[in-house]
Amino acid sequence: MVLPRIALRSLTSNARTAASAVWRKRTIAIPVLLAAALTGSASGISLIRVHSGDTLSAIALRYHTTVAHLVALNHLPGDGDLIYAGQSLKVPGASAGHTVTHVGTIYHTVVPGDTLDGIAERFHVKPATIARRNHLPSSLIVVLGQRLAIRHRVVTHTAPSSGGATSAALQDRAYLSRRSEPSQDTTASLIRSTAAHWGLDPSLALAISWQESGWNMRAVSPVDALGAMQVMRYTGSYLSDDVVHRSLNLYDAQDNITAGVALLSVLTHEAVSTRQAIAGYYQGLQSVRDHGMYASTQQYVRDVMALRQRY
């Protein structure tokens, strides 16, 4: 997802117990998967009215923040489980933000029926751009089986780096800025190989990661989701204990990708469709089952599905 979006996932204790058993056999049969994905909060503040049936976790999902942030922002008692219908709550609102452009290279293998104009239209670039990049002949003919490099640009809008960011997120941004992290192309290669190892369609993992971070291991969301797959720390802990069965260092590109791919593998087996699995990565599978896809989730799914066709 595109920032500011994070992948915040958790399993219930029963699900973690079941997951531990089934993943030792490399199969997936988890009774309940509560995978909640929130986007990072912006710096502005808005007031909302609590409606009957609302929960703080559902409100956090809706307004792209965390329960802990809402509890602190509104000085709520306990864990915020005492909200009531009619109550006014402060929630993160939209901020001016700024525009970020991710530029990378994707590859397309020419198949029967392809033409340069058709490929260019599909990938929203000019035919001449593809021709120059791939040193095509003056006839502009593409050959069956030919692998074309295509420049891919995604423009996203994100809040100012310090606005609404937790202190942990700011610290992690500073730490990752000093680390040696792989390039976009290397990160993409790691995603492909890791997805293949987990029996997951690499194009899905690549699309999710590009949408989340632009294949950028230094990406940190305002609420401290980390790396190319935008994984929260406690999500990494759950996956370490119950799915991967080894410690995962989310600052490390391979481990970060392993965490995201492992979660995607669980989601694709638990969801009724690929679209629902994608929605689960963003909104949370149980939330999608209970409430349907939010408008922002629907857009996220459309974006990822479009990206998947390119990879």
Considering residues of the stretch 68-114 that are open to solvent by 60 Å² or more (accessible area, probe 1.4 Å), part of a strand (DSSP E or B) and out of contact with any Leu (no Cβ under 6 Å at 6 or more places or on another chain) only, the residue modelled with the highest pLDDT = 109
Members of the stretch 141-160 found to be within 25 Å of residue 206 (Cα to Cα) and at pLDDT below 80, listed by number | 151, 152, 153, 154, 155, 156, 157, 158, 159
Could you tell me whether the stretch 208-230 includes any residue that is more than 19 Å from residue 183 (Cα to Cα) and part of a helix (DSSP H, G or I)?
-> no
Report yes if residue 291 is surrounded by fewer than 24 Cβ atoms within 10 Å (Cβ to Cβ) and under 15 Å from residue 198 (Cβ atoms), otherwise no.
-> no
Which condition does residue 210 not pass, out of (1) modelled with pLDDT under 85; (2) at negative phi, if it passes all the others?
-> (1)
If you scan the stretch 278-296, which residues turn out to be more than 14 Å from residue 212 (Cα to Cα), assigned to a helix (DSSP H, G or I) and without any contact (Cβ under 8 Å) to a residue 40 or more places away in the chain?
-> 288, 289, 290, 295
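From 179, 218, 173, 192, which residue is of a type in the set (Lys, Arg) and either without any contact (Cβ under 8 Å) to a residue 40 or more places away in the chain or in contact with a Pro (Cβ under 8 Å, 6 or more places away or on another chain) (or both)?
After applying the criteria, what remains is 192.
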Do the conditions hold for residue 244, that is, is it touching a Ser or Thr at 6+ places or on another chain (Cβ under 8 Å), of a type outside the set (Gly, Ala, Ser) and either open to solvent by 10 Å² or more (accessible area, probe 1.4 Å) or under 21 Å from residue 309 (Cβ atoms) (or both)?
-> yes
Cβ-Cβ under 6 Å pairs, at least 6 apart or on other chains, the stretch 124-138 side open to solvent by less than 70 Å² (accessible area, probe 1.4 Å), far side assigned to a loop (DSSP other than H, G, I, E, B) | 131/140
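Okay, residues lined up against (1) open to solvent by less than 30 Å² (accessible area, probe 1.4 Å); (2) assigned to a helix (DSSP H, G or I); (3) touching a residue at least 40 places away in the same chain (Cβ under 8 Å); (4) not hydroxyl-bearing (Ser, Thr, Tyr):
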position: 254; (1), (2), (3), (4): no, yes, yes, yes
position: 267; (1), (2), (3), (4): yes, yes, yes, yes
position: 298; (1), (2), (3), (4): no, yes, no, yes
position: 305; (1), (2), (3), (4): no, yes, yes, yes
Residue hits (the stretch 115-140; on the phi > 0 side of the Ramachandran plot and at pLDDT 85 or above) are 135, 140
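The values are calculated or read from the model by the stated rules, or taken from the named source; none is laboratory data. Just so it is clear, the model here is predicted, and its values are computed rather than measured. Cβ coordinates were reconstructed from backbone atoms using ideal geometry, including for glycine residues, and neighbour counts include every protein chain displayed. Areas reflect the complete protein model, heavy atoms only, side chains present, ligands, DNA and RNA absent. Shrake-Rupley method; radii C 1.70, N 1.55, O 1.52, S 1.80 Å.
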